[in-house]
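Encoded as structure tokens, the structure appears first; notes follow it.
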Amino acid sequence: PSVWCIHESETPFSHLSWLPRESFDMLPGLLRDTSRVVFAAEMTKKVFTQAGHTFAGTVIPYGLPADMPVFAAGQLDRRQARSSLGIMDENICFLALGSVFERKGQLDICQSMALLPADLLSNVRCHIVGDRPGTPYSNVLHSYINSLPDQTRRTIRVFPETQDTAPHYRAADVFVMCSRMESYPFVILEAMSQSLPIVTTPVYGIREQLDEQAALFYDPGDIQKLAAHLVRLAESSAERINLGREAYRRFTELPTHADMVSAYVKEIADLIDGHQKRKHE
């Protein structure tokens with residue numbers, strides 16, 4: 001018995017294109033012959049079915065373990081967290097947290113900041129957390145930020161990758177996700193768990209995590225719409241509170257980490273049981 005766990009939504013096997021051709025050509029058959037293929041999102045499963053692959057598949061969404069760093073955010077003093085990150089009391093902080101590379105699309109939020117009205121810029125901050133300095137997309141991102149007018153450039157700060165994410169979540173007012181490709185992203189669950197209002201692209205499993213009541217959506221690259229969402233939330237504390245409350249409500253309706261573990265246990269136990277029965281037939 002064997003279980004394959006598929007946790008990304010790329011074109012099937014594209015991440016293994018470096019394999020020798022004879023090995024690469026075996027992959028669809030191996031997928032078909034495995035006992036069970038587990039996906040984190042229905043849309044990721046659909047990527048494989050639409051590509052014409054056959055398999056015995058099921059979907060088990062992620063749940064957040066209780067020891068995730070984000071859950072330490074509630075124990076932090078919000079004013080201290082904001083002060084340590086250079087955020088003033090009156091500032092509205094947009095947080096984009098996730099590894100900086102092309103499919104995460106962080107350039108969207110930087111370009112949107114450039115469209116914000118001048119009278120709003122003095123009161124907003126954009127924090128991008130997850131930089132990988134020296135990588136091609138990081139270079140593009142920094143080059144664009146450096147090209148912005150001083151007033152806009154000063155509103156954007158880029159932080160390196162870190163496991164200490166709690167202060168960033170605690171300090172934020174709005175969570176922004178610009179990704180082009182996901183499966184069932186942890187960072188969306190983390191933002192929901194902290195009752196943050198969310199602006200996000202509606203790609204892949206994100207639509208299985210959030211609905212229109214719990215988030216504002218924009219299509220990847222639609223800078224005008226993203227900017228309009230940012231202005232809307234920056235100008236209305238009531239809307240931020242309501243959207244954050246709805247995000248948390250939706251979070252409580254999603255499968256938990258215990259649900260995820262139980263589902264994996266059941267899948268594996270069923271496979272073992274079936275294998276043992278076939279051995280004795």
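The values are calculated or read from the model by the stated rules, or taken from the named source; none is laboratory data. Bear in mind the structure is a predicted one, so any value in this text is a computation, not a measurement. Neighbour counts are summed over all protein chains in view; Cβ atoms, including those assigned to glycine, are modelled from backbone coordinates with ideal geometry. Ligands, DNA and RNA are stripped out before the accessible areas are found, and what is left, the full protein with its side chains, is counted by its heavy atoms. Shrake-Rupley method; radii C 1.70, N 1.55, O 1.52, S 1.80 Å.
A viscosity of 1.002 mPa s and a temperature of 20 °C, combined with the Kirkwood radius over Cα pairs in Stokes-Einstein, give a translational diffusion coefficient for the stretch 7-65 of 174 µm²/s.
Simple rule: put +1 on each Lys or Arg Cβ and -1 on each Asp or Glu Cβ in the stretch 153-281, find the dipole, and look at Gln224, Tyr248, Ile206; the Cα lying farthest toward the positive end is Gln224. Look at the Cα gyration tensor of the stretch 116-190: its axes a ≥ b ≥ c give a/c of at least 1.5 with a/b at or below b/c, and that counts as oblate.
Kirkwood hydrodynamic radius, the chain, all distinct C-alpha pairs: what's the number in Å? Roughly 20.5 Å, rounded to one decimal.
Heavy-atom surface analysis with a 1.4 Å probe gives the chain a carbon and sulfur content of 52 percent of its accessible area. Between Phe159 and Phe101, the contour length at 0.36 nm per residue exceeds the alpha carbon distance by 19.5 nm.
With the cut-off at 23 Å, tell me which of the pairs Lys46/Lys279; Lys46/Lys104; Lys45/Lys277; Lys45/Lys266 have Cα atoms farther apart than that. In this structure, Lys46/Lys279; Lys45/Lys277 exceed 23 Å between Cα atoms. Dipole check for the chain: with +1 at the C-beta of Lys and Arg, -1 at the C-beta of Asp and Glu, and the Cα centre as origin, the magnitude is about 120 Debye. Shape verdict for the stretch 44-157, please, from the Cα gyration tensor: rounded (a/c under 1.5), prolate (a/b greater than b/c) or oblate. Because a/c hits 1.5 or more and a/b fails to exceed b/c, the stretch 44-157 counts as oblate. Taking a straight line from the alpha carbon of Lys225, these aspartates and glutamates sit under 13 Å away, with near neighbours fewer than eight places off in the same chain left out: Asp108. Accessible area per residue for the stretch 57-143, computed on protein heavy atoms with a 1.4 Å probe, is 43 Å². Of the residues Ala41, Val265, Val129, the one whose Cα sits farthest towards the positive end of the charge dipole of the chain is Val129 (charges of +1 on Lys and Arg Cβ, -1 on Asp and Glu Cβ, taken about the Cα centre). Peptide packing for 13-25, 134-146 was compared via the average number of neighbouring C-beta atoms within 10 Å per residue; ordered from the highest value, the list is 134-146, 13-25.
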